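Asker: What follows is a single structure, and I will ask about it in a moment.
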Number of protein chains: 2
Amino acid sequence: MAEFSIIETYFNRQPHAVDVGIGDDSAVIQPPSQQQLVICTDTLISGRHFPTDTAAHAVGWKSVAVNLSDIAAMAATPHSILLALSLPSIDHAWLQGFSDGLYACCEHYGVSLIGGDTTQSPHLTISVTALGWVAPQTAVTRSNAQVGDLIVVSGTVGDAAFALQHLGDPLQQRLDYPTPRCVLGQQLNGLAHSMIDISDGLAQDLQHILTASHCGACIELSQLPLSTRVQALPLVEQWQYALTGGDDYELCFTLSKENYQKLLQRHPDVQTTVIGQIIAQPQLQFMYQGQAQSLKLNGYQHFASE
Amino acid sequence: MAEFSIIETYFNRQPHAVDVGIGDDSAVIQPPSQQQLVICTDTLISGRHFPTDTAAHAVGWKSVAVNLSDIAAMAATPHSILLALSLPSIDHAWLQGFSDGLYACCEHYGVSLIGGDTTQSPHLTISVTALGWVAPQTAVTRSNAQVGDLIVVSGTVGDAAFALQHLGDPLQQRLDYPTPRCVLGQQLNGLAHSMIDISDGLAQDLQHILTASHCGACIELSQLPLSTRVQALPLVEQWQYALTGGDDYELCFTLSKENYQKLLQRHPDVQTTVIGQIIAQPQLQFMYQGQAQSLKLNGYQHFASE
């Protein structure tokens, strides 16, 4: 089976809203009027970003989800993806599961697969590029956190890292099927001052906001939103999972108290938790029930051992 | 050294024409007014798309060039790229050479690196996504070839395949540093009926036009544009390289005689060669000095052995 047949068989569902889709040298899209293009790319390597025995369906879902999370973190509306799939051999059951999972995530979030490339490689590698749209000058970056801003996270943090250590646990759903916060991201357009998605651990990703915004943060550890299963652990383990666990794909954002009230009024159902506040001193400080805590933390780092 | 340091050290040159560039969750771009977005992605695998001992600088150049070639094949103007780089370890000399080559190609063609992802992987894998712009409804696809169209190719074909068999030959420059025909692609906007870039061999890529356009082609083998070194080979070998050799990154396009005259009048310096004509019968026919030739050809196919 040739590359063309793989695309024809598994990746040829009709995309919406493209002038030219899969099967030409490039895809062609009409930008909506008065919108800026938001674009990102993220790679999943088998054995590094997911256990090698992860179900193909989950790998397909996740490869889309992690990219939509980056679009959401800009407060943009996702539109479409391109897939660069490098795989060791033709495994039809795997390709069926992978493509089903990929399309399931696409359909759930209203995006289309509009192009890609399939190649043979010794190691399973999936790079997805995601596109979205945002009104001019409204994209929320990492660099505009303001002193006094509330620091807020969506959902619960640390679940995926817990699941990675406890394969078979019900929380494995959170590891295998991350849920990019696409709706919340768009709700925060015009409200959030800064935002990032949590992929390498809350502490490390929040630090990117602090560095880019030239400020610090004070986090109240008792406020970290945790799943019941993580809450059952000793405190220090809870914090370790919540602050350094990768693969959450929740949003961490900062905004004024007034804007947070607006968010809650407009969308009473949002699942968000205030975990601290932006401060002027360029440090990441931790408190527990009012007491300063000294924590040594390391988020996930590619190549960190080198 | 962490992922962030690699990006900071090697991939942080200032992009032009972006609202948000490298260092945030996504890049943000203002589309030019009245333009459609053209986007593609192509992957290079070490040992498959380039010999493992290829100079890092050439790998960097080529990973951009093959993608710009896909933008050119739509008659679009290239704008920017994203890089998904997966590499086994931190090799500073390699990274310096690779990033220098990548930026050299970017600068030559006036595009910016605006985002990406760097990960550790057992196998060197480079996926680039390229973006360009084109006036509405003017993108040239594979599916609009007209009976009677001239079939034209740019440059010379078969050089890269020849070089792959003769490493160290002067033609290796054509293998290592392909030259996407970005200027010609734009000159063909409004003139060409159909177009493709030649990456898997002229015969196979032309066949994509024929299939998409529901027509056939008659090729005059004596007209194939060949380098002096390929011309020195026996005829059948010449044809083999020219028709089935991959990695040319030349353009193959079809257009009316009138439009080809317009192209030559507007741009007398274009290096293009008429090699045949579009016919109604859905076949790819070969002639040599007026005599029909029966050739068995196979272009490059990923997974073709399976």
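Asker: Being touching a strand residue (DSSP E or B) at 6+ places or on another chain (Cβ under 8 Å), buried (at least 22 other Cβ atoms within 10 Å of the Cβ) and within 26 Å of residue B:45 (Cβ to Cβ): is that true of residue B:155 here?
Answerer: No.
This table checks each residue for (1) touching a helix residue (DSSP H, G or I) at 6+ places or on another chain (Cβ under 9 Å); (2) hydrophobic (A, V, I, L, M, F, W, C); (3) buried (at least 24 other Cβ atoms within 10 Å of the Cβ).
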position: A:85; (1), (2), (3): yes, yes, yes
position: A:93; (1), (2), (3): yes, yes, no
position: A:112; (1), (2), (3): yes, no, no
position: A:126; (1), (2), (3): yes, yes, yes
position: A:136; (1), (2), (3): no, no, no
position: A:146; (1), (2), (3): yes, no, no
position: A:159; (1), (2), (3): yes, no, yes
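Asker: Still on this structure: If you check every pair at least six apart or on different chains, which have Cβ atoms under 8 Å apart with a residue in region B:38-64 that is more than 7 Å from chain A (Cβ to nearest Cβ) first and a residue that is aromatic (Phe, Trp, Tyr) and in a strand (DSSP E or B) second?
Answerer: That search, which allows pairs on different chains as well, returns B:44/B:50; B:58/B:50; B:59/B:50; B:62/B:50.
Asker: Separate question: Does region A:211-221 contain any residue that is away from every other protein chain (no Cβ under 14 Å), in contact (Cβ under 8 Å) with a residue 24 or more places away in the chain and under 19 Å from the mean Cα position of the chain (by Cα)?
Answerer: Taking every residue of region A:211-221 in turn, none turns out to be away from every other protein chain (no Cβ under 14 Å), in contact (Cβ under 8 Å) with a residue 24 or more places away in the chain and under 19 Å from the mean Cα position of the chain (by Cα).
Asker: Right, another one. Can you find even one residue in region B:208-228 that is part of a helix (DSSP H, G or I), open to solvent by 10 Å² or more (accessible area, probe 1.4 Å) and under 21 Å from residue B:166 (Cβ atoms)?
Answerer: yes
Asker: Pairs, please: C-beta under 8 Å, at least 6 apart or cross-chain, first residue in the same structural domain as residue B:68 (by TED's automatic domain parsing) and in region B:83-108, second among the hydroxyl-bearing types (Ser, Thr, Tyr) and open to solvent by 30 Å² or more (accessible area, probe 1.4 Å)?
Answerer: Close Cβ pairs satisfying both conditions: B:95/B:9.
Asker: Within region A:27-81, track down each residue that is on the phi > 0 side of the Ramachandran plot and not aliphatic (A, V, I, L, M).
Answerer: A:34, A:47
Asker: Additional query: Which condition does residue A:141 not pass, out of (1) part of a loop (DSSP other than H, G, I, E, B); (2) open to solvent by 10 Å² or more (accessible area, probe 1.4 Å); (3) assigned by TED's automatic domain parsing to the domain that holds residue A:228, if it passes all the others?
Answerer: In the conditions (1) part of a loop (DSSP other than H, G, I, E, B); (2) open to solvent by 10 Å² or more (accessible area, probe 1.4 Å); (3) assigned by TED's automatic domain parsing to the domain that holds residue A:228, residue A:141 misses (3) alone.
Asker: Additional query: Regarding region B:69-80, can at least one residue be identified that is at the interface with another protein chain (Cβ under 9 Å from one of its Cβ atoms), open to solvent by 10 Å² or more (accessible area, probe 1.4 Å) and touching a residue at least 40 places away in the same chain (Cβ under 8 Å)?
Answerer: Yes, some residue in region B:69-80 is at the interface with another protein chain (Cβ under 9 Å from one of its Cβ atoms), open to solvent by 10 Å² or more (accessible area, probe 1.4 Å) and touching a residue at least 40 places away in the same chain (Cβ under 8 Å).
Asker: Please go through region A:258-276 and pick out each residue that is open to solvent by 30 Å² or more (accessible area, probe 1.4 Å), in a strand (DSSP E or B) and not aliphatic (A, V, I, L, M).
Answerer: Selection gives A:273 alone.
Asker: Taking the stated definitions as given, is residue A:196 of a type in the set (Val, Ile, Thr), open to solvent by less than 10 Å² (accessible area, probe 1.4 Å) and either in contact with a His (Cβ under 9 Å, 6 or more places away or on another chain) or part of a loop (DSSP other than H, G, I, E, B) (or both)?
Answerer: Taking the combined requirement at face value, the residue satisfies it.
Asker: Just the residues that are more than 8 Å from every other protein chain (Cβ to nearest Cβ), closer than 21 Å to residue A:186 by Cα and not β-branched (Val, Ile, Thr), please, taken from region A:131-148.
Answerer: A:133, A:135, A:144, A:145, A:146
Asker: Scan region A:7-27 for residues that are in a helix (DSSP H, G or I) and surrounded by fewer than 16 Cβ atoms within 10 Å (Cβ to Cβ) and jot them down.
Answerer: A:8, A:9
Asker: Anything in region B:30-51 that is hydroxyl-bearing (Ser, Thr, Tyr) and at pLDDT 95 or above? List them, or say none.
Answerer: B:41, B:43, B:46
Asker: Give the residues of region B:161-178 that are surrounded by 20 or more Cβ atoms within 10 Å (Cβ to Cβ) and outside any helix (DSSP H, G or I), sorted by residue number.
Answerer: Of everything in region B:161-178, those that are surrounded by 20 or more Cβ atoms within 10 Å (Cβ to Cβ) and outside any helix (DSSP H, G or I) turn out to be B:171, B:178.
Asker: So, residue A:98, is that one open to solvent by less than 40 Å² (accessible area, probe 1.4 Å) and under 30 Å from residue A:220 (Cα atoms) or not?
Answerer: no
The values are calculated or read from the model by the stated rules, or taken from the named source; none is laboratory data. Note that the structure is a prediction, hence the values are computed from the model and not measured. Ideal geometry is used to build each Cβ from the backbone, glycine not excepted, and the neighbour counts take in all protein chains shown. These accessible areas exclude ligands, DNA and RNA; they are computed on the full protein's heavy atoms, side chains included. Shrake-Rupley method; radii C 1.70, N 1.55, O 1.52, S 1.80 Å.
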